[in-house]
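Student: I have a structure I would like to understand better, so I am pasting it below and will then ask my questions one at a time.
The values are calculated or read from the model by the stated rules, or taken from the named source; none is laboratory data. No experiment lies behind these values; they were computed from the predicted model shown. So basically every Cβ, Gly included, is an ideal-geometry build from the backbone, and we count neighbours across all protein chains shown. Heavy atoms of the whole protein, side chains included, go into the accessibility calculation; ligands, DNA and RNA do not. Shrake-Rupley method; radii C 1.70, N 1.55, O 1.52, S 1.80 Å.
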Amino acid sequence: LRRPPRHGRGPLLLYVLDVMELPDPVLPQLPALLGPDVPAAGVLVVGNKVDLLPADCRGHLGRLRQRVAAACARAGLRGAALVDIRLVSAKTGYGIEGLVSRLQRSWKCAGDVYLLGATNSGKSTLFNTLLRSDYCKSRALDIIDRATVSPWPGTTLNLLKFPIINPTCDRIFRRQERLKEEATKTEDQLSSEEKKYLNQLKKQGYLVGEVGRTFQRQKSSAEIDFDPDMLSYSMDEDPIHPPKKHEEREEFTHNEVKDARWCFDTPGIVKEDCLLNLLTEKEVKLVLPSHAIVPRTYFLKPGMVLFLAALGRIDYLEGEKPAWFSVLASNLLPVHVTTLSNAEAIYEKHAAQEFLKVPMGGEERMKEFPPLVPQDITLKGIGTTEAVADIKLSSAGWVAVTAHAEEELLLRAYTPKGTALVVREPPLLPYISTIRGARIPGTPAYRTKKPPSFVENLRTMGSR
């Protein structure tokens, strides 16, 4: 990145940030990559995985963008160095067409683009999505290898790349015409295959958007080799098939790429103090959310304890009134509420067993797994509908705490030794406790409630 630029302009760093991981540990390292000898380089921060987060109130995406902007400012990214902040879902396609338009409008083909991001931020998924979008040269989709998408760190070992299409005036016009046409459609006007795919995405995320292509490569009609002798065999003979011809791998011509700008995918940056570094691949798949998170809210009194699997624990030690604890984590991770007097016995008995689920592997697994270590936290409530803070249990998820105004709470939170526990103020989704069903009689839990999905580039049925 610090080499003299090939085309007279420094590279654009497309930094992929998992919005659920704020405050992002890698963000402060980015300004150092923009060396003073690299002219006109910049960072475009892409807040990914917004599809997993429910809308706790109107305008929640604007608030999320403000949180990302504040994190960028604290990291020293501001002014000309910060090109833009975009919120997307690389998985469901939400915001991707807007990101492509932003890149084509401002960056054009001025310099190369590098995708950077921590492991599991969705960087390789974004690379694959851009590969099949209008950002990539139309013929490249048949030639470029896709990035490997895996929860396991270090799967992107090679520096994958694709050539960026030159956004000429004609291409931008034709692209805008396609986007306008698609925006007039409703779900009823989609084909059965498109509906099926859309419904699948809606089950996985709250925010969905289609990524299309304006410029398709024109494929020549296939030639059929006809051998009449192959049809003349007797009933007692089996037809003899000629050996299959070896298919030559397509390559770019010199003229196609001699002046091309490239979009590079890079290996993920491994985060320090991260819980995922302690887990097996099977455990990581349970911890990382793959579907829209359904918030789970609990009404806890002083002297009660909340377990998030065997990966985190929050004790409500002191307070005058009960408080609401909303868990935002993978739907596959169990949450268990008990009393302070029973907490140690439950952890000893059920850690690495099916009841608490993760980690898994029984007593032998727990011998190598680090113990939970505590951190005391004092919070003051601001109202019964607005959370005061998130207690982020490393990468396992977080718990938003909502308490009565001016109510002081003494909490003790636990995470495995060597992992980061963060008190996030202000919280990411401050009104999340309001997204709940009725209280389940005889328990501290409320019934779960999944908000509806939103499709970005389709008209709603009522707007016709």
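Student: If you check residue 312 against the conditions, is it surrounded by fewer than 17 Cβ atoms within 10 Å (Cβ to Cβ) and either closer than 28 Å to residue 122 by Cβ or not charged (D, E, K, R) (or both)?
Tutor: When the stated conditions are applied, residue 312 does not pass them.
Student: Still on this structure: What are the residues in region 419-464 that are acidic (Asp, Glu) and closer than 23 Å to residue 391 by Cα, if any?
Tutor: 425
Student: Which of the residues belonging to region 44-90 are part of a helix (DSSP H, G or I) and of a type in the set (Asp, Glu)?
Tutor: Answer for region 44-90, where residues must be part of a helix (DSSP H, G or I) and of a type in the set (Asp, Glu): just 51.
Student: Still on this model: For the list (1) surrounded by 12 or more Cβ atoms within 10 Å (Cβ to Cβ); (2) closer than 29 Å to residue 12 by Cβ; (3) modelled with pLDDT under 90, I need the number of the one condition that residue 230 fails.
Tutor: Of (1) surrounded by 12 or more Cβ atoms within 10 Å (Cβ to Cβ); (2) closer than 29 Å to residue 12 by Cβ; (3) modelled with pLDDT under 90, only one is false for residue 230: (2).
Student: Within region 392-403, does at least one residue satisfy the condition of being modelled with pLDDT of 95 or more and open to solvent by 20 Å² or more (accessible area, probe 1.4 Å)?
Tutor: So far as region 392-403 goes, no, none of its residues is modelled with pLDDT of 95 or more and open to solvent by 20 Å² or more (accessible area, probe 1.4 Å).
Student: If residue 434 satisfies all but one of (1) open to solvent by less than 20 Å² (accessible area, probe 1.4 Å); (2) in contact with a Cys (Cβ under 9 Å, 6 or more places away or on another chain); (3) farther than 21 Å from residue 23 by Cα, what's the number of the condition it fails?
Tutor: Result: residue 434 passes all but (1).
Student: Where the second residue is assigned to a strand (DSSP E or B) and open to solvent by 50 Å² or more (accessible area, probe 1.4 Å) and the first is not assigned by the TED database to the domain that holds residue 313 and modelled with pLDDT of 95 or more and lies in region 355-384, which pairs have Cβ atoms under 7 Å and are six or more apart or on separate chains?
Tutor: Nothing qualifies.
Listed here are the residues, each with its yes/no results for (1) touching a strand residue (DSSP E or B) at 6+ places or on another chain (Cβ under 6 Å); (2) within 30 Å of residue 408 (Cα to Cα); (3) not in a loop (DSSP other than H, G, I, E, B).
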position: 327; (1), (2), (3): yes, yes, yes
position: 338; (1), (2), (3): yes, yes, yes
position: 355; (1), (2), (3): no, no, no
position: 360; (1), (2), (3): no, no, no
position: 363; (1), (2), (3): no, no, yes
position: 373; (1), (2), (3): no, yes, yes
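Student: Take region 433-452 and flag every residue that is small (Gly, Ala, Ser) and closer than 14 Å to residue 57 by Cα.
Tutor: If the condition is that a residue be small (Gly, Ala, Ser) and closer than 14 Å to residue 57 by Cα, then 433 is the only one that fits.
Student: Also: Residue 419 passes all but one of (1) in the same structural domain as residue 318 (by the TED database); (2) in a loop (DSSP other than H, G, I, E, B); (3) modelled with pLDDT under 95; (4) not aliphatic (A, V, I, L, M); which number fails?
Tutor: With (1) in the same structural domain as residue 318 (by the TED database); (2) in a loop (DSSP other than H, G, I, E, B); (3) modelled with pLDDT under 95; (4) not aliphatic (A, V, I, L, M) applied to residue 419, the lone miss is (3).
Student: Give me the pairs, please: first residue somewhere in region 68-80 and touching a residue at least 12 places away in the same chain (Cβ under 8 Å), second residue anywhere and surrounded by 20 or more Cβ atoms within 10 Å (Cβ to Cβ) and part of a helix (DSSP H, G or I), beta-carbon distance under 7 Å, and either six or more positions apart or on two chains.
Tutor: 68/19; 71/27; 72/27; 75/27; 75/30; 77/30
Student: Moving on. Out of all the residues in region 404-413, which are open to solvent by 30 Å² or more (accessible area, probe 1.4 Å) and on the phi < 0 side of the Ramachandran plot?
Tutor: Taking region 404-413 and keeping what is open to solvent by 30 Å² or more (accessible area, probe 1.4 Å), we get 404-406, 408, 410, 412.
Within region 404-413, 404, 405, 408, 410, 412 qualify.
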